[in-house]
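The values are calculated or read from the model by the stated rules, or taken from the named source; none is laboratory data. The model shown is predicted, which means the values in this text are computed figures rather than measured ones. We place every Cβ from the backbone using ideal geometry, glycine too, and count neighbours over all the protein chains shown. We work out accessible area using only protein heavy atoms, side chains counted, and drop any ligands, DNA or RNA first. Shrake-Rupley method; radii C 1.70, N 1.55, O 1.52, S 1.80 Å.
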Amino acid sequence: DCQTRVFASGFVQTIPSTLAGLIAKHPEYANRPYDAQAQRDLAKTGLLYNTWRKPLKNFLQNGGDDEKLRQAIHSIAMEWASIGVPSGMPRASEALVTNNYTTYYGKGNSANKTSTDMVWTVMKKIQEYHNQSKQQS
């Protein structure tokens with residue numbers, strides 16, 4: 001039990017409650033070493049199949065307009081404190097965010113501009129992919 005020493009762990013900085021929830025839903029990970037590949041697999045499983053971040057899951061699977069993009073990134077910010085909340089969207093316990101680089105969580109956490117910008121870039125590529133796929137259908 002190292003919860004008093006380590007909070008977020010691994011490649012994608014998984015917190016204990018998220019990790020426990022993922023393993024409860026996907027017991028095939030319970031006895032698997034917590035190596036880099038398992039961490040990536042758990043992250044993908046959590047992003048694509050979770051039920052607590054539906055805007056993100058729906059966007060990854062179906063794309064959407066700019067508001068759905070913002071909602072998906074808001075979900076990411078709720079999952080990872082280093083990702084900024086989209087401008088105009090709420091934080092955990094405070095007023096609306098006025099820029100894209102404020103963490104969802106309060107004291108002790110801060111969003112990272114570079115990581116936030118990378119998330120926006122990747123999510124826009126996902127949006128473009130879905131838009132192109134729909135146009136070709």
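Rounded, prolate or oblate: which one fits the chain, using the alpha carbon gyration tensor with axes a ≥ b ≥ c (rounded when a/c is under 1.5, else prolate when a/b beats b/c, else oblate)?
It comes out oblate by the Cα gyration axes.
Testing the spin-label approximation: label points 7 Å from Cα along Cα→Cβ at Arg32 and Glu67. State their distance in nm.
Roughly 3.7 nm, to one decimal.
In deg cm²/dmol and to the nearest 500, what is the mean residue ellipticity at 222 nm of the chain if only DSSP H runs of at least 4 residues count, each as -39500 (n - 2.57), divided by the residue total?
Result for the chain: -17000 deg cm²/dmol, rounded to the nearest 500.
Once you've got the GNM for the chain with C-alpha springs shorter than 10 Å, pick whichever of Ser82, Ser17, Ser110 has the biggest mean-square fluctuation.
Of Ser82, Ser17, Ser110, the Gaussian network model singles out Ser17 as fluctuating most.
Kindly count the pairs of lysines across the chain whose alpha carbons are less than 24 Å apart, treating pairs on different chains or eight or more residues apart as eligible.
Taking the chain as the scope, the lysine pair count is 27.
With every protein chain in place, what's the accessible area of Phe59 (1.4 Å probe, Å², nearest 10)?
0
Using modelled amide H (1.01 Å from N, peptide plane; none on Pro or chain starts), what sits under 5 Å from the amide H of Gly84, excluding residues fewer than 5 places away?
Asn112, Thr116
Going by amide H atoms built from the backbone, whose H comes under 5 Å of the H on Asn99, apart from near neighbours?
Gly88
Full extension from Asn58 to Gln136: what is 0.36 nm times the residue separation minus their Cα-Cα distance, to one decimal in nm?
Numbers: separation 78, 0.36 × 78 = 28.08 nm, distance 2.01 nm.
Length gained between Asn58 and Gln136: 26.1 nm.
How do Ser137, Ser93 rank by accessible surface area computed with a 1.4 Å probe, from largest to smallest?
The residues order as Ser137, Ser93, largest area first.
By its C-alpha gyration tensor, with a ≥ b ≥ c as the square roots of the eigenvalues, how is the stretch 16-77 shaped: rounded for a/c under 1.5, else prolate for a/b larger than b/c, else oblate?
prolate
Once amide H atoms are placed 1.01 Å from N in the peptide plane, what residues at a sequence separation of 5 or more from Thr14, or on another chain, have their amide H within under 5 Å of its amide H?
Close amide H contacts, sequence-distant or interchain: Ser9.
With all protein chains present, calculate the accessible area of Ile126 using a 1.4 Å probe and round the result to the nearest 10 Å².
40
Across the stretch 129-137, in residue order, what do the Karplus-derived ³J(HN,Hα) couplings come to in whole Hz, using 6.51 cos²θ - 1.76 cosθ + 1.60 with θ = phi - 60° and x for Gly and Pro?
Karplus-based 3J(HN,Hα) across the stretch 129-137 equals 4, 5, 4, 5, 4, 5, 5, 7, 6 Hz.
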